[in-house]
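This report concerns only the one structure given below.
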Amino acid sequence: MKAFSLVEPSPAKNLLPVWERLLEEGWEVTVYGHGRGVEILKWEGIETKQLGKPRRRQGLLGYVGFSVDLIRTVRALASERASVVLSSGNTGDARKSLIASRMLGIPSVHLEMDVYNPVEAVRWATRVLVPFSEKWAEVLKRRVGVETKVVSGAPLAQYLADRHLSGRIPGPVPEEYEGRVLVCLGGDITEEGARRLLSDLEDHDPVVVPFRVSPPEGFECVREFVDLPGVMMLADTVVFAGGFGVTIEACVVAKKAVKVSEVHPKHLSHWIAEESGVPVMYLSESSGAEDAVQMARKPRGEWLIRRGRSAVAEIVEEILEVG
């Protein structure tokens, strides 16, 4: 039996414990990727085949680029003779995988983490899995009208426990970030919001990890590709404005953390942070982002690890059932 995955960085880390369990079960696992998703898997010693590229363009050029990558995905999937397609998240790679599997009649298992903004191709998955509780399964059902099954949590938490918390950090972690305030920009903040946040944090001499949002000039940025959870472990405080993946990373490994939200008033990641004792600071309601460092608290992420381990077993059971 063979599983096929086409992944970007965050889904790669979320699926790694599942791939490892499948290998223990005697399955083959074929992983395709591109860019930084491939880089993460190289750290793990996983052979990855190159396919596609990140697509941020909209309109006709974006459509043409996606169509080209979809054709390549269909060809790759057909040549691999996979038993099951395994995908995660609301990425372009998940979209291509699910469409290709539907076209070829190959079963698919999709683990959706962004229940408020799911990949639309989730409708074509054979089995859709949602973490934590029926509450989030109902949110996804209302959004896209699909039936789902609930798994205990996110495999990403097991990935972090087995590696970073066990002293086995897979990627590069520059020592100069030790003791700093680490600001992780992402999909839950605008460029205007980032300017406001960083302006109010300027006295803390923050180091910025830019993702999708460019910081204003004058701030030190992490330009090289680093092991982000490893850098979080070195930092004194983590201020983050991202979604599901970076939230779990901060809640499991950070010394102190605070989540900043501007774009998404409701999000599964807000609930994860709050359940882990990490405050969520809404920029629209705050009097000043200077409060961010003062609001930061030590996360209580042990529950995420327990649920992540249970989820890996549950996801593998679903794969074995459909495959």
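The values are calculated or read from the model by the stated rules, or taken from the named source; none is laboratory data. Note that the structure is a prediction, hence the values are computed from the model and not measured. Note that each Cβ is placed from the backbone with ideal geometry, even for glycine, and that neighbours are counted across all protein chains shown.
List of remarks:
- Some residue of the stretch 274-281 being crowded, with 24+ Cβ neighbours inside 10 Å, under 22 Å from residue 212 (Cβ atoms) and assigned by TED's automatic domain parsing to the domain that holds residue 210: yes
- Taking the criterion of being loosely packed, with under 14 Cβ neighbours inside 10 Å, in a loop (DSSP other than H, G, I, E, B) and small (Gly, Ala, Ser), the only residue of the stretch 161-177 that qualifies is 167.
- Among (1) at pLDDT below 90; (2) outside any loop (DSSP other than H, G, I, E, B), the one test that residue 321 misses: (1)
- Each residue in the stretch 139-160 was checked for being assigned to a helix (DSSP H, G or I) and at pLDDT 90 or above, and 6 pass.
- Only one of 231, 222, 181, 253 that is buried (at least 23 other Cβ atoms within 10 Å of the Cβ) and farther than 30 Å from residue 139 by Cβ: 231
- Among the residues making up the stretch 215-236, those that are out of contact with any strand residue (DSSP E or B) (no Cβ under 8 Å at 6 or more places or on another chain) and free of Cβ contacts under 8 Å to residues at least 24 places away in the same chain are 216, 217, 218, 223.
- The set of residues from the stretch 78-103 being closer than 17 Å to residue 30 by Cα and surrounded by fewer than 24 Cβ atoms within 10 Å (Cβ to Cβ) comprises 78, 79, 80, 81, 83.
- Look at (1) among the hydrophobic types (A, V, I, L, M, F, W, C); (2) in contact with a helix residue (DSSP H, G or I) (Cβ under 6 Å, 6 or more places away or on another chain); (3) at positive phi and you find that residue 121 fails only one, number (3).
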